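K.L.:
Below: one structure in structure tokens.
The values are calculated or read from the model by the stated rules, or taken from the named source; none is laboratory data. Everything numeric in this text was worked out from a predicted model, so none of it was measured. Here Cβ is always computed from backbone atoms with ideal geometry, including for glycine, and neighbour counts include all displayed protein chains.
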């Protein structure tokens, strides 16, 4: 036994808070007592309230322990889940007073636990989806497992239940290898030890002093009994999965755990939950098979079986081929390279669990605990489905894939073979990874191409029907009230008129919520009304819409009904100018009206590799409308991010039947209501400056404060014929409005001056000759 | 023949060679626009796009723009463009490793010229103490974190759009590089929002500090450069390396004395073979200043391209000829 030791820097026992807590028996004891109390209370609560109103049991077992806590701790701190497990905690005391028999050889089989987990839990989970969900079955399950565990503890010694029978015993042991902690001893101090307190303190009959040499901690559950018995035990921080970088005694059961769990959880999930929610679910092989046998209600079970089959097939085939290429035994290759598959499941699962923690589980857990302890708590979920930051959790899956690729590389180093053989073996042993990546891409592809199945079809349709009935009435009433006159110009806007009325979020459009389309697109609305900031959606009238894309090709605008108003959308795959047109011809008793709404939209997105060439600026010549107005672009406009600013001079060319239109009236209306008239000259050109017409408070000044204006071109060749074209524009304050050069000059000179003085003083002090201290006599 | 070429290379006057390479690349990257040169936007050097005439663009700006896309778009197909960008960056990077800093970066060259200005004025230079050195050398990783995290936070809506390219707002290269083509428009404080006001003001202060700092301290800014931190992450994968043979080293400290970046390991560490540290700019002054045969060498594909030799050292120091030119 060692009384005192100088601890390494990376020893967690050396850290201020954690070191104290982990070595404190009382703290560990009370923690375990609390967890056990919760565990049994959860079971009791499940029996007492078997119905759906019981939130607590589900939240405790499936919200905290079995997904979140286990998945979060295994690849980080290691098996601390086992360290606080009530079975292990109570089992230690039960074993002490039990029969202490040796477990029969046939039971000392690590596949028992993993089989129980994969078939008994996951198999049932997919085949009978609602079976495990009720609080009663949950309580029954844990009650049964507890009874089973205690029976084993009474009969057999050395916590054999944990090692062989516990459904997650092998799983935690296997995934613990990914953690960035390691329990071992200061071997220099252990050399002289003859008493082995660490081993005698261990209820699992392990030898902690040998962990460092073996490069693994066998069945250690991080209960810290050894650490409190001897100072030479250390709990160190390592690189993530450092254990796997070098040799240790491998266990085939662990590799099988990685493979089976990967099949049973992420791959089955993406079969049974992911792909089964798409529109082409029926053509998937498991559904086909289930239908063939006439057992379509158990399709989930078939998906599970297929997932397990595919996973085993790809892993075994890949490793078999790798062993052939490497000219090594299959068992050796399997045990060495198979460990590289460890991160695939756990990191993807972590991302998934964390995501659902923020969207729903947090609320359920707090609600469940409040219910169980009679508290009144109002909780909101921490995030909503579709919140953009949640998608960062999705990156974890890909980190897992990358990690697995690195691990194959590292584990390949442990095999002796020539480089060329290793390269091929690397390829073959990555089969499972390719399958995993491919499946992810495939389900993404299926969702994008075919879309998700609509949930509750019938209800959806009836709701739509109700909407449809309602709509004509409301629009009819618009028309009846006669708010829009026939001669009133219509124009395009890029902001939803309904939103604009309610004054919600400005400028949040481009960051659209839940816009998952592959090709980015832009939405526009057709509106009317003199007040630009408060325009109204046009009623249903005969209108022809089309647009020219960046290649100046005409296209149809897509029209959809959204929230009761018509939305015109167009795809903007490339950066450049898009020209939208809407045309309507009306013949009334008095006159002929020809109305055109035009919008020139400049799409500029970062990360799109379109090059800006003079071609981008070329004008679109349309023969589809009789009247047109074209903005003449200046030489300075040489980027996709060009914005018109206040004070800038704009020039327009009016065309009528493709010829310059002279003496037409161009009316400029600003957002503030200010307006001005300009006449086109003989070339059809009209020029004007954008005036600056707002002076906000300094505090509310925002250079991205966009302002709108509307140009309306009127042309009347005859008394009874009127041509109207609208052209909306947006502009920003000029940079000279907010960029201040004087302050910059002042600031930079001040910095130069002050730092100069500091440097000067510093040097002067350093070069001061040594002078003796004088004491006053 | 082969040994003859080797001898010529090993005996070369490094500071002169370096000066011409730096001058060439300065013109290329600062005035390249006048010659219609555009080497893309993924360069591993501070060739600032705010200078409209630059012959290429610093990678940090497209990186920040790409990462600031809304999270869903970024993690959808657009993530590919980030990877493509990174691969292009690495493609450039592997050829020169950190020599991009020591030989190509116009901003680094500018600092070297400020240093020679100081030298010609007869003013001493400053150094950090070892303690200061260790503490300050972490700043570049903080700046790299700003480069990466600010856009990501913007992508999830935690930060407003005025944080777009936040690092560029505080980067002195944005203010100083355009001055080379006579553009003083970056000398401004942006009063449009409070955030941009603070960021641009910090940028101004950094620009001032840069001018003072690089005048009295060699390669002042490189010490804090996030690009240098980004380089170091990938420096192992480069085809060129700086290697040391500790058994031949007499720890005389010549290399440390000439090192602009004050890297102590170059003299002290006799164990590691790869002596490239995160602050290194691969200027190879240490190789030129080393008096031991093959103690330090610059390798391309593990082939010694430039080694320290006694002969070369003596030649550069002018020990043989009474009127030799004296290298640094």
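K.L.:
Could you tell me which of the residues A:94, A:80 is in contact (Cβ under 8 Å) with a residue 60 or more places away in the chain, in contact with a helix residue (DSSP H, G or I) (Cβ under 7 Å, 6 or more places away or on another chain) and farther than 28 Å from residue A:366 by Cβ?
P.N.:
Numbers: A:80 fails: farther than 28 Å from residue A:366 by Cβ.
Going through A:94, A:80 in turn, the sole match is A:94.
K.L.:
Counting only residues that are part of a helix (DSSP H, G or I) and closer than 21 Å to residue A:257 by Cα, how many does the stretch A:151-195 have?
P.N.:
Restricting attention to the stretch A:151-195, the residues satisfying the condition of being part of a helix (DSSP H, G or I) are A:151-155, A:160-165, A:169-178, A:187-190.
Keeping just the survivors that are closer than 21 Å to residue A:257 by Cα gives A:160-165, A:169-178.
Residues in the stretch A:151-195 being part of a helix (DSSP H, G or I) and closer than 21 Å to residue A:257 by Cα: 16 in total.
K.L.:
With the condition kept exactly as written, say whether any residue in the stretch A:727-742 is under 25 Å from residue A:652 (Cα atoms), touching a helix residue (DSSP H, G or I) at 6+ places or on another chain (Cβ under 9 Å), more than 9 Å from chain B (Cβ to nearest Cβ) and touching a residue at least 40 places away in the same chain (Cβ under 8 Å).
P.N.:
Scanning the stretch A:727-742 turns up at least one residue that is under 25 Å from residue A:652 (Cα atoms), touching a helix residue (DSSP H, G or I) at 6+ places or on another chain (Cβ under 9 Å), more than 9 Å from chain B (Cβ to nearest Cβ) and touching a residue at least 40 places away in the same chain (Cβ under 8 Å).
K.L.:
For the stretch A:385-400, indicate whether the set of residues that are away from chain B (no Cβ under 14 Å), out of contact with any helix residue (DSSP H, G or I) (no Cβ under 6 Å at 6 or more places or on another chain) and under 25 Å from residue B:77 (Cβ atoms) is non-empty.
P.N.:
Applying the first criterion (away from chain B (no Cβ under 14 Å)) to the stretch A:385-400 yields A:400.
Narrowing further to those that are out of contact with any helix residue (DSSP H, G or I) (no Cβ under 6 Å at 6 or more places or on another chain): none.
No, every residue in the stretch A:385-400 fails to be away from chain B (no Cβ under 14 Å), out of contact with any helix residue (DSSP H, G or I) (no Cβ under 6 Å at 6 or more places or on another chain) and under 25 Å from residue B:77 (Cβ atoms).
K.L.:
A further question follows. Residues that are touching a helix residue (DSSP H, G or I) at 6+ places or on another chain (Cβ under 6 Å), at pLDDT 90 or above, surrounded by fewer than 21 Cβ atoms within 10 Å (Cβ to Cβ) and closer than 14 Å to residue B:230 by Cβ: does the stretch B:145-154 have at least one?
P.N.:
Among the residues of the stretch B:145-154, at least one is touching a helix residue (DSSP H, G or I) at 6+ places or on another chain (Cβ under 6 Å), at pLDDT 90 or above, surrounded by fewer than 21 Cβ atoms within 10 Å (Cβ to Cβ) and closer than 14 Å to residue B:230 by Cβ, which makes the answer yes.
K.L.:
Something else: Does residue A:569 satisfy the condition of being assigned by TED's automatic domain parsing to the domain that holds residue A:726, part of a loop (DSSP other than H, G, I, E, B) and either at pLDDT 80 or above or surrounded by fewer than 16 Cβ atoms within 10 Å (Cβ to Cβ) (or both)? Spell out the reasoning first.
P.N.:
Numbers: assigned by TED's automatic domain parsing to the domain that holds residue A:726: yes; part of a loop (DSSP other than H, G, I, E, B): no; either at pLDDT 80 or above or surrounded by fewer than 16 Cβ atoms within 10 Å (Cβ to Cβ) (or both): yes.
Judged against the criteria, residue A:569 is not a match.
K.L.:
How about the stretch A:147-162: which of its residues are in contact with a helix residue (DSSP H, G or I) (Cβ under 7 Å, 6 or more places away or on another chain) and surrounded by fewer than 21 Cβ atoms within 10 Å (Cβ to Cβ)?
P.N.:
Going through the stretch A:147-162, the residues in contact with a helix residue (DSSP H, G or I) (Cβ under 7 Å, 6 or more places away or on another chain) turn out to be A:149-150, A:152-154, A:157, A:159-162.
Result: A:150, A:154, A:157.
K.L.:
Considering only residues that are more than 7 Å from chain A (Cβ to nearest Cβ), closer than 25 Å to residue B:117 by Cβ and buried (at least 21 other Cβ atoms within 10 Å of the Cβ), look in the stretch B:175-205 and name the one that is modelled with the lowest pLDDT.
P.N.:
Here the answer is B:186.
K.L.:
Also: Could you please let me know if residue A:669 is assigned to a loop (DSSP other than H, G, I, E, B), touching a strand residue (DSSP E or B) at 6+ places or on another chain (Cβ under 8 Å) and modelled with pLDDT of 85 or more?
P.N.:
Working: assigned to a loop (DSSP other than H, G, I, E, B): no; touching a strand residue (DSSP E or B) at 6+ places or on another chain (Cβ under 8 Å): yes; modelled with pLDDT of 85 or more: yes.
Answer is no for this residue.
Residues are listed down the side, and each one gets a yes or a no for (1) assigned by TED's automatic domain parsing to the domain that holds residue A:96; (2) at pLDDT below 90; (3) assigned to a loop (DSSP other than H, G, I, E, B):
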residue: A:213; (1), (2), (3): no, yes, no
residue: A:260; (1), (2), (3): no, no, no
residue: A:265; (1), (2), (3): no, no, no
residue: A:268; (1), (2), (3): no, no, no
residue: A:275; (1), (2), (3): no, yes, no
residue: A:282; (1), (2), (3): no, yes, no
residue: A:294; (1), (2), (3): no, yes, yes
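K.L.:
Out of all the residues in the stretch B:206-232, which are part of a helix (DSSP H, G or I) and within 10 Å of chain A (Cβ to nearest Cβ)? Walk me through how you get there before you give the answer.
P.N.:
So the first thing to find is which residues in the stretch B:206-232 are part of a helix (DSSP H, G or I), and the list is B:206-216, B:221-224, B:226-232.
Correct list: B:206, B:207, B:208, B:209, B:210, B:211, B:212, B:213, B:215, B:216.
K.L.:
Another question, then. Restricting attention to the stretch A:501-550, and to residues there that are modelled with pLDDT of 50 or more, part of a loop (DSSP other than H, G, I, E, B) and closer than 25 Å to residue B:76 by Cβ, which single residue is nearest to the chain's Cα centre (by Cα)? Don't jump to the end; show me each part of the working.
P.N.:
At the first step, the residues of the stretch A:501-550 found to be modelled with pLDDT of 50 or more are A:518-550.
Still in the running and part of a loop (DSSP other than H, G, I, E, B): A:518-520, A:529-531, A:535, A:538-543, A:549-550.
Next, from what is left, pick out any that are closer than 25 Å to residue B:76 by Cβ: A:518-520, A:549-550.
Details: A:518: 16, A:519: 19, A:520: 19, A:549: 32, A:550: 32 Å.
If we take residues in the stretch A:501-550 being modelled with pLDDT of 50 or more, part of a loop (DSSP other than H, G, I, E, B) and closer than 25 Å to residue B:76 by Cβ, then A:518 is nearest to the chain's Cα centre (by Cα).
Conditions (1) in a helix (DSSP H, G or I); (2) surrounded by 15 or more Cβ atoms within 10 Å (Cβ to Cβ); (3) modelled with pLDDT of 95 or more; (4) more than 19 Å from the chain's Cα centre (by Cα), marked per residue:
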residue	(1), (2), (3), (4)
A:409	yes, no, no, yes
A:415	no, yes, no, yes
A:421	yes, yes, no, yes
A:424	yes, yes, no, yes
A:437	yes, yes, no, no
A:442	yes, no, no, no
A:448	yes, no, no, no
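K.L.:
Looking at residue B:300, is it free of Cβ contacts under 8 Å to residues at least 24 places away in the same chain and not assigned by TED's automatic domain parsing to the domain that holds residue B:59? Give the derivation first.
P.N.:
Numbers: free of Cβ contacts under 8 Å to residues at least 24 places away in the same chain: no; not assigned by TED's automatic domain parsing to the domain that holds residue B:59: yes.
Taking the combined requirement at face value, the residue does not satisfy it.
K.L.:
In the stretch B:31-142, which helices (runs of 4 or more DSSP H) lie fully inside it and hold 1 or more residues that are surrounded by fewer than 17 Cβ atoms within 10 Å (Cβ to Cβ), within 14 Å of chain A (Cβ to nearest Cβ) and out of contact with any strand residue (DSSP E or B) (no Cβ under 6 Å at 6 or more places or on another chain)? Working first, answer last.
P.N.:
Numbers: elements: B:60-67, B:71-75, B:79-96, B:106-120, B:130-136.
By residue number, B:79-96, B:130-136.
K.L.:
Taking only the stretch A:416-429 into account, find how many residues are closer than 17 Å to residue A:404 by Cβ and in contact (Cβ under 8 Å) with a residue 12 or more places away in the chain.
P.N.:
Within the stretch A:416-429, residues that are closer than 17 Å to residue A:404 by Cβ and in contact (Cβ under 8 Å) with a residue 12 or more places away in the chain number 5.
K.L.:
Within the stretch A:166-180, does at least one residue satisfy the condition of being more than 33 Å from the chain's Cα centre (by Cα) and in the same structural domain as residue A:74 (by TED's automatic domain parsing)? It would help to see each step written out before you state the result.
P.N.:
Of all residues in the stretch A:166-180, those more than 33 Å from the chain's Cα centre (by Cα) come to A:166.
Checking the rest, the ones that are also in the same structural domain as residue A:74 (by TED's automatic domain parsing) come to A:166.
So far as the stretch A:166-180 goes, yes, one or more of its residues are more than 33 Å from the chain's Cα centre (by Cα) and in the same structural domain as residue A:74 (by TED's automatic domain parsing).
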